[in-house]
Amino acid sequence: MSLLPLAGMFLFGGKKKEKKKKIEYPPGITEELLEAISNIVFYHGTGLYKILARATPEQDVEHVKKILAHQEGIGPRVTEDAGYKKIRR
Amino acid sequence: MLATKKYVDEVRDPIHSAMIAHYPLLHTILTIAMAYHTGTHNPKAAKPVEKVLNASYTLKEDYSTIKKNYRELAKAIAHHAKEQGLTTDEENTAKVMEQAFEKTFKIVDKLLPELQKLTEDRAKIAEKALKYSTDDPFVVLRNAGIDIEPELEEFRQFLAEISGKEIEPQKSTAPVVKEVNTSTALSQAKLEILSILNGLEFAGFTEEAKRKAVESSPRGLPSSLRRSSRLRTFSGSASTPSPSRSSGGASSNG
């Protein structure tokens, strides 16, 4: 390992911290709100199934789980694998 | 590994996750609609919806923008559904998905308002209601004063309609009304003729006079009334001794 990348790490190490601080939240958006939103996006499960089941003719939670490909202990595979969670700008 | 990567992604870019706050809700509700519309009750129904939401994400469209452009999105979903062999009638699917969007918005608005109106408390209520560990989301919502049941019931009716699980109410009511009308008309005619017969009986008229009265009744004697035992004695029984008369009477009465 040459010294050049090591020198780079020292040089730009401080800059990374600045970047994190510089995140500007749009008006009305707080860190707590973002945390709750993040939980909605990444950790939904039984509650969502039960709401959706109430909106189906059979009102069967197991049927909703089947449509959304439920994974035990994780949640619906349909949203877990969704591209809109992985695409990076 | 995948989960860790996603988690890290989310931490690095919180604005990104705020923009897609409503995406999983839209995705799952529209998937249910697509499943019932196409009869594909498995994750394949989710793909056309996901493709369109991925495109929306790339175009930086949040929930409020999606609400404005939903007609175009419905067409795009229908196009992908046809490509994947879920539907053959793209136009019809687009119309159904348009309706599905309208009904989905009603549910999502109640669960998670648009970002501009979304407060921390409201987001936390939705978080708790949708959580993996929540067994009764309706209690969570009710405690927060949110009644989502009318919107869910409306969606349920919509799914029943698009999957053909319920008979249209208009078709079933129309013939019933007609039947009531005909039956009342018949009973009126029946009453009229029976009252004439009773009158003649009390006045001491002969059987021949009663038969003639039935035949010359202004309303005639409809075929369904001939089944009545009382009337049969005057119209039907008269046909046995002299068939020529009764046939003549029947034809004259129509």
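More than 7 Å from chain B (Cβ to nearest Cβ) and either at pLDDT 90 or above or more than 29 Å from B:Thr119 (Cα to Cα) (or both), is that true of A:Leu3?
It is true that A:Leu3 is more than 7 Å from chain B (Cβ to nearest Cβ) and either at pLDDT 90 or above or more than 29 Å from B:Thr119 (Cα to Cα) (or both).
Residue by residue through segment A:44-62, note down the ones that are of a type outside the set (A, V, I, L, M), out of contact with any Gly (no Cβ under 7 Å at 6 or more places or on another chain) and within 7 Å of chain B (Cβ to nearest Cβ).
Residues satisfying the conditions are A:Thr46, A:Gly47, A:Lys50, A:Arg54, A:Thr56, A:Pro57.
Restricting the search to segment B:124-163, which residues are within 7 Å of another protein chain (Cβ to nearest Cβ), without any contact (Cβ under 8 Å) to a residue 12 or more places away in the chain and among the aliphatic types (A, V, I, L, M)?
B:Ala160
Looking at segment B:118-141, is at least one residue modelled with pLDDT of 95 or more, farther than 25 Å from B:Met34 by Cα, surrounded by fewer than 17 Cβ atoms within 10 Å (Cβ to Cβ) and out of contact with any helix residue (DSSP H, G or I) (no Cβ under 8 Å at 6 or more places or on another chain)?
Yes, some residue in segment B:118-141 is modelled with pLDDT of 95 or more, farther than 25 Å from B:Met34 by Cα, surrounded by fewer than 17 Cβ atoms within 10 Å (Cβ to Cβ) and out of contact with any helix residue (DSSP H, G or I) (no Cβ under 8 Å at 6 or more places or on another chain).
For the structure I just gave you, tell me whether B:Leu73 is touching a strand residue (DSSP E or B) at 6+ places or on another chain (Cβ under 9 Å) and either over 19 Å from A:Tyr84 (Cβ atoms) or crowded, with 21+ Cβ neighbours inside 10 Å (or both).
Criteria not met by B:Leu73.
All but one of (1) buried (at least 18 other Cβ atoms within 10 Å of the Cβ); (2) modelled with pLDDT of 95 or more; (3) not aromatic (Phe, Trp, Tyr) hold for B:Ile20, so report the exception by its number.
With (1) buried (at least 18 other Cβ atoms within 10 Å of the Cβ); (2) modelled with pLDDT of 95 or more; (3) not aromatic (Phe, Trp, Tyr) applied to B:Ile20, the lone miss is (2).
Somewhere in segment B:88-100, is a residue under 25 Å from B:Ala18 (Cα atoms) and at the interface with chain A (Cβ under 10 Å from one of its Cβ atoms)?
There is no residue in segment B:88-100 that is under 25 Å from B:Ala18 (Cα atoms) and at the interface with chain A (Cβ under 10 Å from one of its Cβ atoms).
The values are calculated or read from the model by the stated rules, or taken from the named source; none is laboratory data. Small disclaimer: the values here were computed from a predicted structure and weren't measured. As a convention, Cβ positions derive from the backbone with ideal geometry for all residues, glycine included, and neighbour counts pool all protein chains shown.
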